[in-house]
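Everything below concerns the one structure shown next.
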Amino acid sequence: METTAGRVPRPFSVTHRQVLTIALPMMIAHFSTPLVSLAATGVVGQLRDEVLIGGVALAAVIFDVLFTTFNFLRGATTGFTAQAVGAEDRRAEQRMLLGGILIAVGSGLLIMLLHVPIGRLGLYVLGADGAVGEAAWTYYAWRVWSAPFALFNFVVFGWVIGRGEAVTALLLQVALNALNLFFAFFWVLWLNYGLAGAGAASLVAEGVTAIAGVILILRRTDRHKWEVPDLSTVKRLFSVNRDMMIRSFALLIGLSFFTRQSGVLGIDVLAANTVLLRYYFFGVAFLDGFATAAEQLAGRAVGAFYRPAFDRVIRLTTLWGVAMAVFVSAAFFISGPYVVALIAPIAETQTLAHVYLPYAAIMPLVGVIAFQMDGVFIGATWSREMRTLMLFSLACYFAAWAVLQPLFGNHGLWIAMLLFQGVRSVAFRFMLPKLADRTFSGNYPH
């Protein structure tokens, strides 16, 4: 990439149509991911065994920590790719792609090598023992072998999104989720393989999608422009990926802690909170569509060194994001009781889920700016600031939990989660103008 001092702006326009062209396909893609989680929870729920539901919930936390912690691979690749597109630098694009692939495959193989101590430690930290612990291990022991494929897919998704090819990203994501869903139904309910079938479904789906990703890369890249990342590129790759990993890990600590504390309050509360949290992720998929649009367009504006386009991205994604958050929150209040009844046939779980549904319903309104700012910061690769602000938000979350849960039980736990999202929204938005001024004035390293 060019030095900042010598960069020449490359003007381009940002319109409502451009935002929606990226956001709408990515809404469907993000929407399909929690849909699979909801369906998988529903599949296990049809076995009518709270132990199995709790086991899947706890094992899923381990994979959230493993895979979503490494979700920085997708975010960093999106940011680097979008900036390379804005700068019209194909060599930089492929150089960063190759670096991301090497990190992803190496990390996935390391997870496979250490999967036993990782799994045992995860279940110990989550307090999973007895029958619930055995159920969680069964699911974990099958799904963990998908690690290299899953991390490779993160890089492919990030690269495609960074290029602005939202429809291609949608097709890859839908293929992954459709395969996962098909095999989960077939192996769990039809062949009665139980949790082993659910874990194997994820393994096969990730593997097949990775093969499709390899084919896509070979068809969309120029074989004459591949080059091994140099030392400065490697340093930047590791710096940005490290900071984004810490940010992702902090976010997952917050979500994992929520699940763990739900279990402390009882298996009925754990089941109810699991259903509501999955339903929340289902609705947040709509907000993630506009966050993805912010990633690509903000990153492109930074790469093009064109501030007017960047400011326009902020305005349009704020407008559409808030409007969608209002819609999602209203949909939660209206459809929540029916969805809970569908995916949680156990009466006790339904009763508790109805009590705490309002918290999940208002969370999109509280966190919409946090999602948008995640997209902007990822696209601009403002990784250090992203890391620091996320750690601050996590500290506020723990402080609120320490006071509120002892006083109000599960109500306090949900209020602390709402504060976690709210602090992120305020802190990230407050920092934005300063970072944008520094980036486009030529005083920020790229």
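Results, tabulated for the structure shown:
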quantity: Among (1) under 30 Å from W382 (Cα atoms); (2) under 22 Å from the mean Cα position of the chain (by Cα); (3) of a type outside the set (S, T, N, Q), the one test that F332 misses; calculated: (1)
quantity: Leading residue by the ranking (farthest from V144 (Cα to Cα)) among those in region 92-102 that are buried (at least 20 other Cβ atoms within 10 Å of the Cβ) and not acidic (D, E); calculated: A92
quantity: Counted residues, region 71-95 - those being on the phi < 0 side of the Ramachandran plot and either among the acidic types (D, E) or without any contact (Cβ under 8 Å) to a residue 60 or more places away in the chain (or both); calculated: 2
quantity: Residue among Y280, Y306 that alone is of a type in the set (S, T, Y) and more than 22 Å from L365 (Cβ to Cβ); calculated: Y306
quantity: Residue list for region 105-118, restricted to those being farther than 16 Å from D64 by Cα and either of a type in the set (G, A, S) or open to solvent by less than 60 Å² (accessible area, probe 1.4 Å) (or both); calculated: V105, G106
quantity: Tally of residues being in contact with a helix residue (DSSP H, G or I) (Cβ under 6 Å, 6 or more places away or on another chain), within 26 Å of V61 (Cα to Cα) and open to solvent by 80 Å² or more (accessible area, probe 1.4 Å) across region 219-249; calculated: 1
quantity: Residue in region 2-17 that is more than 30 Å from A131 (Cβ to Cβ), at pLDDT 75 or above, open to solvent by 10 Å² or more (accessible area, probe 1.4 Å) and of a type in the set (G, A, S) present; calculated: yes
quantity: Contacts under 8 angstrom Cβ, first residue in region 51-64 being aromatic (F, W, Y), partner open to solvent by 10 Å² or more (accessible area, probe 1.4 Å), 6 or more apart; calculated: F63/R143
quantity: Residue satisfying condition, being part of a helix (DSSP H, G or I), under 22 Å from A347 (Cα atoms) and either among the β-branched types (V, I, T) or open to solvent by 20 Å² or more (accessible area, probe 1.4 Å) (or both), within set V284, V269; calculated: V269
quantity: Criterion: of a type outside the set (D, E), out of contact with any strand residue (DSSP E or B) (no Cβ under 9 Å at 6 or more places or on another chain) and open to solvent by 30 Å² or more (accessible area, probe 1.4 Å) - qualifying residue of F80, F70, F63; calculated: F70
quantity: Residue in region 104-114 that is touching a residue at least 60 places away in the same chain (Cβ under 8 Å) and touching a Phe, Trp or Tyr at 6+ places or on another chain (Cβ under 7 Å) present; calculated: no
quantity: Checking L121 against (1) under 18 Å from F249 (Cα atoms); (2) surrounded by fewer than 22 Cβ atoms within 10 Å (Cβ to Cβ); (3) touching a residue at least 24 places away in the same chain (Cβ under 8 Å), the condition it does not meet; calculated: (3)
quantity: Single residue of region 124-154 satisfying the filter (more than 21 Å from the chain's Cα centre (by Cα) and of a type in the set (V, I, T)) that is least open to solvent (accessible area, probe 1.4 Å); calculated: V132
quantity: Which listed residue, of G379, G412, G367, is out of contact with any Gly (no Cβ under 9 Å at 6 or more places or on another chain), in a helix (DSSP H, G or I) and either of a type in the set (D, E) or open to solvent by less than 10 Å² (accessible area, probe 1.4 Å) (or both); calculated: G412
quantity: Pairs with Cβ under 7 Å, 6+ apart, first in region 352-363 and more than 11 Å from G336 (Cα to Cα) and among the hydroxyl-bearing types (S, T, Y), second open to solvent by 10 Å² or more (accessible area, probe 1.4 Å) and assigned to a helix (DSSP H, G or I); calculated: Y359/L418
quantity: Condition broken by R315, with the remaining ones in (1) under 19 Å from the mean Cα position of the chain (by Cα); (2) free of Cβ contacts under 8 Å to residues at least 60 places away in the same chain satisfied; calculated: (1)
quantity: Evaluation of F398 against (1) open to solvent by less than 10 Å² (accessible area, probe 1.4 Å); (2) at pLDDT 95 or above; (3) not small (G, A, S) (one fails), failing number; calculated: (1)
quantity: The listed residue being of a type outside the set (A, V, I, L, M, F, W, C), open to solvent by less than 10 Å² (accessible area, probe 1.4 Å) and farther than 30 Å from R7 by Cα, out of G299, G289; calculated: G289
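Okay, residues lined up against (1) under 18 Å from V284 (Cα atoms); (2) small (G, A, S); (3) open to solvent by 60 Å² or more (accessible area, probe 1.4 Å); (4) modelled with pLDDT of 95 or more:
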site	(1), (2), (3), (4)
A330	yes, yes, no, no
A344	no, yes, no, no
T349	no, no, no, no
A360	yes, yes, no, no
F392	no, no, yes, yes
V403	no, no, yes, yes
R424	yes, no, no, no
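The values are calculated or read from the model by the stated rules, or taken from the named source; none is laboratory data. All of these numbers come straight from a predicted model, not from anything done at the bench. Cβ coordinates were reconstructed from backbone atoms using ideal geometry, including for glycine residues, and neighbour counts include every protein chain displayed. With ligands, DNA and RNA removed, areas are computed over all heavy atoms of the protein, side chains included. Shrake-Rupley method; radii C 1.70, N 1.55, O 1.52, S 1.80 Å.
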